[in-house]
Amino acid sequence: MRIAIADDGALFRDGLRLLLQAAGHEVVHTAGGGDELTELIRADPVDIAVLDIRMPPEPDGGLVTAGRLRASYPSMGLLLLSHYAETHYLVRIMEIGPAAIGYRLKDRISSVPALDDTLLRIAAGEVVIDPALTTRLVEYTRLQRGELGALTSHDVRVLSLMAAGLSNAGIAGELGVSRKAVEKQVGAIFAKLDLPDSASDNRRVLAVLRYLEPHGSNRPARRTGPGY
């Protein structure tokens, strides 16, 4: 893939460029801030932009830049990076999304396989959330909604693993249950969140977004792609 990088830390930016090249990707642009990267992409678009959240032109310049890029290039993938797991960052990223976007901690993508897996999933249209954020997201949602609705604590656990990007098989391995049991649980979650089977919606993405959005299920479901 063709990749653009914006990070105001030269050492991290160069290290990330080397990791991407080792994974077989072409690093087309590198920049120290969002405005510079936006100009470079305007002249030569890329497949995915990798952005440090805390960089110029503002304290959270990566988020500002991501919003502008998504508005101008809706099909471009976006990967936001930070040293910190911050719920309010993820809420803003979800508002920019809800597809082909990711939020990962910098120390979690320090290997070629981890970085490559994240980029491939974003390129495929997925929302990739760092596992370190899933528990915080659940707690944030509880505070925003004041209740768990029809979801049980086990439903919440499964939903948090879905938010971390695990497949049904991956969830089964994490919980030590059968894949069939997970499939049944996921189906029950879809029913509780009123997400009927549809050829035009990805129910896994909708389920995660419906539960994690600040105002819960009061927002209309967003269309995101192929059916689950």
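The values are calculated or read from the model by the stated rules, or taken from the named source; none is laboratory data. Worth saying up front: this structure is predicted, and the values here are computed from it rather than measured. Here Cβ is always computed from backbone atoms with ideal geometry, including for glycine, and neighbour counts include all displayed protein chains. Each accessible area value is taken on the protein alone, full model and side chains, heavy atoms only, with ligands, DNA and RNA left out. Shrake-Rupley method; radii C 1.70, N 1.55, O 1.52, S 1.80 Å.
Of the conditions (1) of a type outside the set (Lys, Arg); (2) farther than 20 Å from Gly170 by Cβ; (3) modelled with pLDDT of 85 or more, Glu147 clears all except one; give me its number.
Result: Glu147 fails condition (3) only.
What do you reckon, is Val64 under 18 Å from Tyr103 (Cβ atoms) and of a type in the set (A, V, I, L, M, F, W, C)?
So Val64 passes the test.
Quick one: how many residues across the range 188-228 are surrounded by 12 or more Cβ atoms within 10 Å (Cβ to Cβ) and either modelled with pLDDT of 55 or more or hydrophobic (A, V, I, L, M, F, W, C) (or both)?
Adding up the residues that qualify gives 21.
So is Asp107 within 16 Å of Met1 (Cβ to Cβ), part of a helix (DSSP H, G or I), open to solvent by 40 Å² or more (accessible area, probe 1.4 Å) and modelled with pLDDT of 85 or more or not?
No: the conditions fail for Asp107.
Taking only the range 110-124 into account, find how many residues are under 13 Å from the mean Cα position of the chain (by Cα) and open to solvent by 10 Å² or more (accessible area, probe 1.4 Å).
So the count comes out to 5.
Please go through the range 95-104 and pick out each residue that is in contact (Cβ under 8 Å) with a residue 60 or more places away in the chain and either open to solvent by 30 Å² or more (accessible area, probe 1.4 Å) or more than 25 Å from Glu26 (Cα to Cα) (or both).
Pro98
State whether the residues of the range 125-142 include one that is open to solvent by 60 Å² or more (accessible area, probe 1.4 Å), at pLDDT 80 or above and not small (Gly, Ala, Ser).
Taking every residue of the range 125-142 in turn, at least one turns out to be open to solvent by 60 Å² or more (accessible area, probe 1.4 Å), at pLDDT 80 or above and not small (Gly, Ala, Ser).
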